[in-house]
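Q: First the structure, which I've put down as structure tokens, then a few questions once you've had a look.
Just so it is clear, none of the values below were taken in a lab; they were calculated from the coordinates. Just so we're clear, the structure is a prediction, and the values are computed from it rather than from any experiment. Reconstructed Cβ throughout: ideal geometry from the backbone, glycine too, with neighbour counts over all protein chains shown.
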């Protein structure tokens with residue numbers, strides 16, 4: 001039966017191929033048109049996350065000891081060379097493990113401002129725009145309220161801490177701190193520690209186990 | 001006195017017994033007089049307290065009168081003028097809580113802010129929040145330690161899991177109460193009418209989260225540390241011998257303020273908001289984070305989530 005019927009498979013393939021080529025051509029044409037019509041400079045600018053709730057961010061400049069930076073830097077020659085720092089600022093930058101340095105965040109010419117990856121000037125009170133350049137996931141969570149500290153109320157206008165309130169941008173690791181006092185042990189009960197807690201991890205019993213294959217090989 | 005006993009007749013013995021009785025009566029009267037009458041209340045207040053009914057059956061006037069009595073009782077007990085309110089639930093609001101356990105550092109700031117906010121006794125053992133220190137690579141709550149006290153936290157190889165009332169949507173504690181002194185409010189907070197509670201502690205046995213606590217003592221609070229902003233169903237001064245629990249700071253949250261534990265948390269690990277508002281922080285967390293709840297398989301439907309990121 002199959003022999004007597006004409007074979008349409010090849011014809012079908014040909015039609016599909018022509019259609020595909022036509023589609024590809026059309027889409028390429030469309031995207032080229034789109035690129036021409038939109039201004040790239042505007043499309044590239046970050047303007048916050050759509051639908052993110054409006055929050056007011058606590059100002060940061062009042063807490064900065066050396067701000068305004070121009071006080072000193074006005075009389076200093078800008079030096080873009082990457083070099084070990086000393087004098088006024090902590091010489092160690094414990095952030096980015098050598099992948100960034102001062103001018104990744106600070107602007108060379110306008111000392112009172114920070115700079116983004118696209119070299120836009122950013123006020124110190126809006127430091128989150130600089131941080132968000134690399135830590136985009138955190139910035140998104142912070143904008144929607146899943147990261148960062150919100151102040152005062154859960155309802156109505158929200159106030160949020162800036163990134164730099166909690167994280168020292170030059171040394172962002174959170175340092176350990178003493179905990180508040182432990183709860184008292186119930187009267188008449190004795191605190192038993194190290195019974196269940198501090199139990200050895202489940203993989204420990206495997207660590208010193210002899211390899212059964214070794215025995216087999218010896219035999 | 002010795003002369004009477006030496007006489008040996010019946011009349012002398014009777015006389016001795018009579019004197020002893022009279023002396024006892026005198027001491028008894030003196031002791032009673034030393035205590036304030038009616039537990040420091042007026043007779044009318046004590047009378048009204050005795051016949052006060054369940055919160056949910058009280059009329060508005062009766063609740064107002066009860067609030068006045070609570071305030072006057074606090075004045076006589078602590079010497080502080082408190083403001084006891086009865087803020088109603090907000091329509092269209094159901095509260096939810098989330099904790100980012102990768103942010104929690106185990107500082108216990110939340111625990112002590114809660115003690116202060118809710119007028120818990122400073123020397124009593126009661127705390128609404130427990131921060132569990134857990135071993136890395138282990139999620140067995142039985143292996144946790146809430147008495148941890150190292151010099152600094154976080155300790156290497158540990159992580160921290162704060163637990164408090166989960167405000168279950170199907171609360172087993174409410175089902176266990178034989179006198180219906182505990183129930184879920186329309187905004188999802190499980191509350192206790194401390195004046196209606198009989199202190200049987202069935203709810204404590206029913207709660208799978210260790211969230212309910214029995215107050216064995218009248219809380220001792222320095223007058224200047226007393227929180228005067230109180231709520232009937234929340235942090236007002238409680239009688240001794242009733243069960244208490246976290247109430248999402250009902251006196252704060254119903255006015256739009258954050259719960260005290262969230263306000264105190266320095267790391268921002270605590271998220272609170274309205275579950276019915278699709279734009280709330282809570283809904284963002286639920287939609288964008290891989291959340292989990294403790295002992296979810298028990299079917300209590302807690303409104304308290306945890307997540308990592």
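Q: Per residue of A:83-90, what is the mean number of Cβ atoms on other protein chains within 10 angstrom of that residue's Cβ?
A: That works out to 0 on average.
Q: So if I average 1/r over every pair of distinct C-alpha atoms in chain B and take the inverse, what Kirkwood radius in Å does that give? Please report the intermediate quantities before stating the final value.
A: Values: mean 1/r = 0.0454 Å⁻¹.
Computed over Cα pairs of chain B, the Kirkwood hydrodynamic radius comes out at 22.1 Å.
Q: While we're here: May I ask you to give the average projected area over all directions of the convex hull of the Cα atoms of the range A:55-166, in nm² rounded to one decimal? Walk me through the intermediate numbers first.
A: Details: hull surface 31.6 nm².
One quarter of the hull surface, i.e. the mean projection, equals 7.9 nm².
Q: Order of A:180, A:190, B:295 from fewest to most other C-beta atoms within 10 Å? Can you show the working numbers first?
A: Numbers: A:180 18, A:190 6, B:295 13.
Lowest to highest Cβ neighbour count: A:190, B:295, A:180.
Q: Would you list B:19, A:45, B:254, A:111 from fewest to most Cβ contacts within 10 Å? Don't skip to the answer; put the middle values down first.
A: Values: B:19 12, A:45 9, B:254 24, A:111 17.
Taking fewest neighbouring Cβ atoms as first place, the list is A:45, B:19, A:111, B:254.
Q: Let me ask something else. If you find the alpha carbon centre of the range A:67-85 and of the range B:100-162, how far apart are they in angstrom?
A: First find each Cα centre; the distance between them is then 45 Å.
Q: Next up: So what's the gap between the Cα centers of the range A:161-189 and the range B:62-93, to the nearest angstrom?
A: Computed from Cα coordinates, the inter-centre distance equals 34 Å.
Q: Report the far tail of the P(r) of the range B:99-145, meaning the percent of Cα-Cα pairs longer than 14 Å.
A: Values: 625 of 1081 pairs.
The calculated P(r) of the range B:99-145 puts 58 percent of pairs beyond 14 Å.
Q: Now, a different point. Antiparallel DSSP bridges in the range A:55-166: what percent, to the nearest 5?
A: The antiparallel fraction comes to roughly 60 percent.
Q: For the range B:174-299, just say rounded, prolate or oblate: build the C-alpha gyration tensor, square-root its eigenvalues into a ≥ b ≥ c, call rounded for a/c under 1.5, and beyond that prolate if a/b exceeds b/c, oblate if not. Walk me through the numbers before you get to the answer.
A: Details: a/c = 2.00, a/b = 1.31, b/c = 1.52.
It is oblate, given that a/c is not under 1.5 and a/b is not larger than b/c.
Q: Provide the percentage of antiparallel DSSP beta bridges, counting only those with both residues in chain B; round to the nearest 5. Numbers along the way, then the final one.
A: Numbers: 20 of 27 bridges.
Bridges in chain B are about 75 percent antiparallel.
Q: Moving to a separate point now. Which FRET efficiency value, to the nearest 0.05, do you get for residue B:64 and residue B:224 by plugging their Cβ-Cβ distance into 1/(1 + (r/R0)^6) with R0 = 25 Å? It would help to have the intermediate numbers written out before the result.
A: Working: r = 28 Å, r/R0 = 1.12.
With R0 = 25 Å, the Cβ-Cβ based efficiency is 0.35.
Q: In Å and from the alpha-carbon atoms only, list the Rg and Dmax of the range B:42-85.
A: In order Rg, Dmax, the Cα atoms of the range B:42-85 give 10.7, 30 Å.
Q: By the gyration tensor of its Cα atoms, with a ≥ b ≥ c the square roots of the eigenvalues, what is the shape of the range B:64-113: rounded for a/c under 1.5, prolate for a/b over b/c, or oblate?
A: Numbers: a/c = 6.44, a/b = 1.61, b/c = 3.99.
It is oblate, given that a/c is not under 1.5 and a/b is not larger than b/c.
Q: What average number of partner chain Cβ atoms lie no more than 10 Å from the Cβ of the residues making up B:285-291?
A: Working: counts 5, 1, 2, 4, 2, 0, 0.
Average per residue, whole number: 2.
Q: With springs only between Cα atoms under 10 Å apart, run a GNM on chain B and tell me which of B:117, B:185, B:296 wobbles the most.
A: B:296
Q: Just tell me how shielded A:152-159 is by partners: mean number of partner chain Cβ atoms within 10 Å of each residue's Cβ, no decimals. Intermediate values should be presented prior to the final figure.
A: Values: counts 4, 8, 17, 13, 2, 1, 2, 0.
That works out to 6 on average.
Q: With each run of n ≥ 4 DSSP H residues scored as -39500 (n - 2.57), what mean residue ellipticity at 222 nm is computed for chain B after dividing by its residue count and rounding to the nearest 500 deg cm²/dmol? If you can, show how the numbers build up before the last one.
A: Numbers: 10 runs with 94 residues, N = 309.
Dividing the helical sum by the residues of chain B leaves -8500 deg cm²/dmol.
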